Amino acid sequence: MRRYSSIPFAKVRITGAFWSERLETVLSTTIPSQHAQLAKYNVLDSLKLPKPVPPLTFQPHADGFSTQIFWDSDVGKWIEAAAYALPHRRDPRIEAQIEAIIDDLEKAQEPDGYVNCWYLEREPQNRWTNLRDNHELYNLGHLLEGAVAYLRATGRDRLMGIMERAFDHVAQVFGRNPGQKRGYCGHPEVELALIKAWHATGQRKYLNLATYFVDERGASPHYFDIERDARGEAPGKYGQGTYEYSQSHLPVRDQTKVVGHAVRAMYLYTAMADLAAEHSDDSLKRACEVLWRDVTTTRMYVTGGFGPSARNEGFTQDYDLPNDTAYAETCASCAMVFWAARMLNLDLDGHYADLMELALYNNALAGLSREGDTYFYDNKLESDGSHHRWDWHPCPCCTMNVARLVASVGGYAFGLGENEVAVHLYGGAETTVTLSGGAVHIAETSAYPWDGAIRVAVTPDQPQTFTLSLRIPAWCAHPAARIGGAALPVIAERGYLRITREWQAGDVVELDLPMQAERLWPHPEIKADAGRVALRRGPLVYCLEERDQAAPLHRLRLPRHAALTNAFRPDLLGGIAVILAEGIANREPSQALYRTAPPAEAPAPIMAVPYYIWCNRGPNPMLVWLRE
Ligand code: FUB
Ligand code: ZN
């Protein structure tokens, strides 16, 4: 069933200005500063299993839960981000830091393969007793993703060896054989990591374990009940109240609504899509399609954010998408990129790439500051100026997630099918693939996302026939294409212009994706956006920062007839395209709190900047949905 595979990040060179700049920031600032933060907040020390056991660095929640329980995952994610960066530029200092972590993990690992620094340090007698809450498998999953990335980047397999011993242990403890626990993690993640390990090593045991975890999820009797009873815990004590929180309320194939914790959901669906491809499993593919449709038609922010509520860090009801309290966790949008990439491997449908692009360029990228060392956890769509990026957090999950996404962004650019190369994302990237007729170099150049003029140079070692599929984004109303200067009709097949021909060295496709500044109106059931309008240009959703306006945001409106223009501002925030319009401001000077006359209004120029770059010029009120 798998029709396409991604071309791994290490085989893709980023050449375009936009991502090169982001990548450079991640390499030179984000990754080193994150290591320093992991050291500063004792995360790296915890790997040494210090004795006597130190007090907690961060206060536990009221119910006693400490986010330190998943510190191992932060270490795993940092290794992963750092490993993705290495093919761009080897860095002996970073490599030594990774090796030092591996030394600690090697020493911490128990003879039976168990490794989890929280449990080994603080409650060794309780291991594997609370999968529902305590992230043991989640931690291992992130460490495994780090191990796979490091293996792929450097060929070094010591961390992979530690992980292999750990997962051999896991495979003994969990499963359907007599004496095994029929458990799975309350926070899905390990499943997708195991599939990466299967791809990297070819060892089927990883795939088998991933399959077991996904298939067992939500089975009756419910494992979290069994485990809770074994702990002697009262049934009513579960803070989240429902297993929807962990998407274990039903077997995965019976799930039709996207519910619960958003990051958990997206990681689970990623693994489901992966497994659908691995096993040619139609029922899993269908479940993914139903869930995809549900979330993208009823529960997604215009910025590609997911999960409006802080209470469960997740989903609530259809169309419940508040702006000023939006949670829209950075991790959830990173995970959307992962899921969309897997869906694209099942089916070359531009809808998946459109939403991958939306989540990537907007909600996910907003999580990282321009300087590269401060972060948004929650991504509000409206702020009174009190919402800022922070430099660390008791729960720093988003920091390393956005870092690993940016460092591996090249891995989402291309897809490889049977005698077919697909270009999913534009922005300047090149790769060499081997098709049935030999090697082909594909180089895409553009000033995307600022400009839609795209050039794809195709250089096969020798002339050969294959299909080049170029994504035609749904936001583009009038695409045009030329080959060798001759016009080519753009008939997009499910979002891709598929060109099958004999390609020769020197062939160039020019694709023109005109980017208009345009309005987006909300579904009428989204109460928070009623009477409002958002702005978009190409893949970027825009917002207004108050400092750029002639009037406070709450006084501004953008009438339906006002023309939208755009301009490139090289002087602003490193060079961005802004959207300009003639708005109207309420200029009522009267002191009366209420009045019988309508407000006096006057023209007010409006300037919108890309959402991802907001809050890079100091605290500032911001608004995505403007009153009409
Ligand atoms: O629980 C681990 C991570 O911490 C989740 O994915 C995030 O939502 C945050 O709660
Ligand atoms: Zn997060």
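With N the number of residues in the range 158-289, Rg(Cα) / (2.2 N^0.38 Å) evaluates to 1.07.
Do the sum for the chain: with -39,500 (n - 2.57) for every DSSP H run of n ≥ 4, divided by all residues, what is the mean residue ellipticity at 222 nm, to the nearest 500 deg cm²/dmol? Walk me through the intermediate numbers first.
Working: 16 runs with 202 residues, N = 628.
After summing the helix terms and dividing by the residues of the chain, the value is -10000 deg cm²/dmol.
List the residue ranges in the chain for DSSP H helices whose C-alpha atoms run 30 angstrom or more along the long axis and whose Kyte-Doolittle average is 1.0 or above.
Values: long enough: none.
Helices meeting the criterion: none.
Rounded to the nearest whole Hz, the Karplus-based 3J(HN,Hα) values (6.51 cos²θ - 1.76 cosθ + 1.60, θ = phi - 60°) of the range 615-623 follow the sequence 6, 10, 10, x, x, 6, x, 8, 8, with x at glycine and proline.
Calculated accessible area for the chain comes out at 37 Å² per residue, all protein chains present (probe 1.4 Å; ligands, DNA, RNA ignored).
Which value, in Å to one decimal place, does the Kirkwood hydrodynamic radius take for the range 517-627 when every pair of different Cα atoms is included? Intermediate values should be presented prior to the final figure.
Working: mean 1/r = 0.0673 Å⁻¹.
That comes to 14.9 Å for the range 517-627.
If you take the Cα centroid of the range 78-107 and the Cα centroid of the range 170-221, the two points sit 27 Å apart. Each listed q (0.12, 0.15, 0.28 Å⁻¹) maps to a log10 I(q)/I(0) for the range 393-451, found by the Debye formula over equal Cα scatterers with no solvent: -0.42, -0.58, -1.14.
Scalar couplings 3J(HN,Hα) for the range 310-322, obtained by applying the Karplus form with A = 6.51, B = -1.76, C = 1.60 to θ = phi - 60°, are 6, 4, 10, 6, x, 7, 10, 10, 3, 6, 8, 9, x Hz; x denotes Gly and Pro. Equivalent-ellipsoid semi-axes for the range 415-512 (Cα gyration tensor, √(5λ), whole Å, largest first): 21, 14, 13. Taking amide H atoms as placed 1.01 Å from N in the peptide plane, the amide H of GLY495 lies under 5 Å from those of GLY350, each 5 or more residues away in sequence or on another chain. Applying the criteria of a DSSP loop state and at most 16 other Cβ atoms within 10 Å to the GluC sites (Glu not before Pro) of the range 414-487 yields GLU418.
Estimated at the nearest 10 Å², the accessible area of LEU321 is 10 Å² with a 1.4 Å probe.
The range 350-371 to the range 541-599: how many Å between their Cα centroids? Centre-to-centre distance over Cα atoms comes out at 25 Å. Counting only protein heavy atoms and a probe of 1.4 Å, the accessible surface of the range 210-363 is 49% carbon and sulfur.
Placing dummy labels 7 Å off each Cα toward the beta-carbon, the span from SER5 to ASP45 is 4.4 nm. Computed across the range 41-233, the Kirkwood hydrodynamic radius from all distinct Cα-Cα pairs reaches 17.2 Å.
Rg and Dmax over the alpha-carbon atoms of the chain stand at 24.8, 80 Å. The Stokes-Einstein estimate for the range 255-410, based on a Kirkwood radius over Cα pairs and taken at 25 °C with 0.890 mPa s viscosity, is a diffusion coefficient of 158 µm²/s. Between the C-alpha center of the range 412-426 and that of the range 464-480 there is a gap of 11 Å.
Amide H contacts of GLU601: ARG587, each under 5 Å away and 5 or more positions distant or on a separate chain (H built 1.01 Å from N in the peptide plane; Pro and chain starts excluded).
For trypsin sites (Lys or Arg not before Pro), the sites in the range 65-115 that DSSP calls loop and that have at most 14 other Cβ atoms within 10 Å are ARG89, ARG90. Within the range 216-284, the percentage of alpha carbon pairs spaced more than 19 angstrom apart rounds to 39%.
Counting other C-beta atoms within 10 Å, and keeping those with at most 15, which DSSP coil GluC sites (Glu not before Pro) do you find in the range 277-381?
Working: sites: GLU278, GLU289, GLU313, GLU329, GLU357, GLU371; in loops: GLU313, GLU329, GLU371.
In loop regions of the range 277-381 (DSSP not H, G, I, E or B), the sparsely surrounded GluC sites (Glu not before Pro) are GLU371.
Eigen-decomposition of the gyration tensor built on the alpha-carbon atoms of the range 24-110 gives equivalent ellipsoid semi-axes of 26, 16, 10 angstrom, largest listed first.
The values are calculated or read from the model by the stated rules, or taken from the named source; none is laboratory data. Keep in mind that this is a model prediction, so the values were computed, not measured. All Cβ positions, glycine included, derive from the backbone under ideal geometry; neighbour counts span all protein chains shown. Accessible surface areas use protein heavy atoms only, side chains included; no ligands, DNA or RNA. Shrake-Rupley method; radii C 1.70, N 1.55, O 1.52, S 1.80 Å.
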